[in-house]
Amino acid sequence: MPELQRLHAGHAQEVLAFELANRAYFAASVSDRGDEFFARFAERYDALLAEQENGVCAFHVLVAEDGSVLGRFNLVDIEDRTAQLGYRIAQHAAGQGLATAAVRELCGAAAARYGLRTLLAATAHENAASRKVLTKAGFTLLGPADPADLGGRPGTWYRRSVEEGDR
């Protein structure tokens, strides 16, 4: 059974493999990370770990039994007991309920581990799968998202209050 794990240095190669294998799939619904992301992956990865160490963000990966990364689930811009949720799931793992389960688990961790009370998430209108994940995980419609927040795509913000024990 896949396990949601806090990101650490040992995940780097599997995270890179995940991003490369799913690059075209992700680009269909979210902005492409660009060649620079991959060219400077090690440097960027180290910067993410430093942000996490400083409490600005909390990064997680959904790890399969074989050690491969199935998804990334992140809490970013942590401030005033609020954070933004971002996530992506591998193409071969989509549609199996894994993203919804991981988001629900992260909602519980957001309260219990990070002391958060509110999570925000934005998704593009055309990303029906992401809207479905958020709704199933207890997020409610908040309002329109600035297209600049979504790589130039129109979208919507969602919100969820979290408490310890949430799933």
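Take every Cα-Cα pair in the chain and report what % of them are more than 28 Å apart.
The answer is 16 percent, as a whole percent.
Distance between the modelled labels on T82 and A112, one decimal in nanometres: 2.5 nm (7 Å Cα→Cβ projection). A cut-off of 5 Å between modelled amide H atoms, ignoring neighbours fewer than 5 places along the same chain, links L7 with F59, H60, V61. For the modelled label position 7 Å from the Cα of S161 along Cα-to-Cβ, which residues of the stretch 96-118 have backbone nitrogen atoms closer than 17 Å? Under cut-off, by backbone N: 107-108, 110-112, 115-118. Using θ = phi - 60° in the Karplus curve 6.51 cos²θ - 1.76 cosθ + 1.60, the 3J(HN,Hα) couplings for the stretch 60-73 round to 9, 10, 9, 10, 6, 4, 7, x, 6, 8, 9, x, 10, 9 Hz; x is entered for Gly and Pro. In sequence order, the stretch 135-140 has phi-based couplings of 5, 5, 8, x, 7, 10 Hz under the Karplus curve 6.51 cos²θ - 1.76 cosθ + 1.60, θ = phi - 60°, and Gly or Pro positions carry x. The phi-based Karplus calculation (6.51 cos²θ - 1.76 cosθ + 1.60; θ = phi - 60°) puts the 3J(HN,Hα) values of the stretch 34-46 at x, 4, 4, 4, 6, 5, 10, 4, 4, 5, 5, 4, 4 Hz, whole numbers, x for Gly and Pro. Close amide H pairs (under 5 Å, H built 1.01 Å from N) link A145 with G155, T156, W157, residues at least 5 positions away or on another chain. Around the amide H of A137, modelled in the peptide plane, lies no amide H under 5 Å away from a residue 5 or more places distant or on another chain.
Computing FRET efficiency as 1/(1 + (r/R0)^6) for V56 and T135, where r is the C-beta to C-beta distance and R0 is 45 Å, gives about 0.95. Mind checking which of A110, A94, A122 has the largest fluctuation in a GNM of the chain, springs on alpha carbons under 10 Å? For the chain, modelled as a Gaussian network with Cα springs under 10 Å, the answer is A94.
Largest GNM mean-square fluctuation across D66, D146, D80, computed for the chain with C-alpha springs under 10 Å, falls on D66.
No lab work stands behind these numbers, since they all come straight from the coordinates. What you see is a predicted model; the values in this text were computed from it and never measured. Ideal geometry is used to build each Cβ from the backbone, glycine not excepted, and the neighbour counts take in all protein chains shown.
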